[in-house]
Amino acid sequence: MTKLYRHQKAAEDSKVDLTPMLDVVFIMLIFFVVTASFVKESGYGLSRPESEQTPPPDAVQNIVFAITANNQVELDGRRIDARSVRANVERLSASNPEASVIIRADAKAKHRTIALISDQAREAGIAQISLLISE
């Protein structure tokens, strides 16, 4: 037989059931959501004027060489001889001294062709040369 003391019995009787309180809170929440009025705030509509000026063209145009899988060198979509790279770079960099050289090479292109273009671009005075290899 277990003997209960007075403070144990009082602790068992003091449990509070929170279910009705939660029901009231949810009902109030639903009431406020349903009765809330959503008003569109009034304001001024702004219309920006159309710009008649065209944006300035990009000042720096890079010189892009493409090397195909069979080692054909192309500049601006036209096929050129690999030995004429220096002359083309000098001509294009005269009009745009900030330009850099980008070599887009196929993965099957020979390294010798890539090195030839890179060397000729350096001889033409271009210090920044980038290499992109496509699969």
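Bear in mind these aren't lab numbers, they're just calculated from the coordinates by the rules spelled out. This structure is a prediction, so every number in the text was calculated from the model and none was measured. Using ideal geometry, Cβ is built from the backbone for each residue, glycine included, and neighbour counts are taken over all protein chains shown.
Taking 0.36 nm per intervening residue step and subtracting the Cα-Cα distance, what contour gain separates Asn70 from Lys108 on full extension? Please report the intermediate quantities before stating the final value.
Values: separation 38, 0.36 × 38 = 13.68 nm, distance 0.75 nm.
Stretched out fully, the Asn70 to Lys108 stretch lengthens by 12.9 nm.
In the neighborhood of Leu116, defined by Cβ-to-Cβ distances under 12 Å, what is the net charge if each Lys or Arg adds +1 and each Asp or Glu adds -1? List each step's numbers first, then the result.
On the way: positive: Arg83, Arg86, Lys110, Arg112, Arg122; negative: Asp81, Asp119, Glu123.
Cβ neighbours under 12 Å give a net charge of +2.
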- Relative contact order (%) - criterion: Cα under 8 Å, at least six apart; region: segment 66-135: 39 percent
- Note on the structure: Interchain or sequence-distant (5+) residues whose placed amide H lies within less than 5 Å of the amide H of Ile80 are Val73, Glu74, Leu75
- Simple spin-label estimate for Leu18 and Ile80 in nanometres, 7 Å along Cα-Cβ: 7.8 nm
- Quick one: Karplus J couplings for segment 76-92, per residue in order, coefficients 6.51, -1.76, 1.60, θ = phi - 60°, nearest Hz, x for Gly and Pro? 6, x, 10, 7, 10, 7, 5, 7, 9, 5, 4, 5, 5, 5, 4, 5, 6
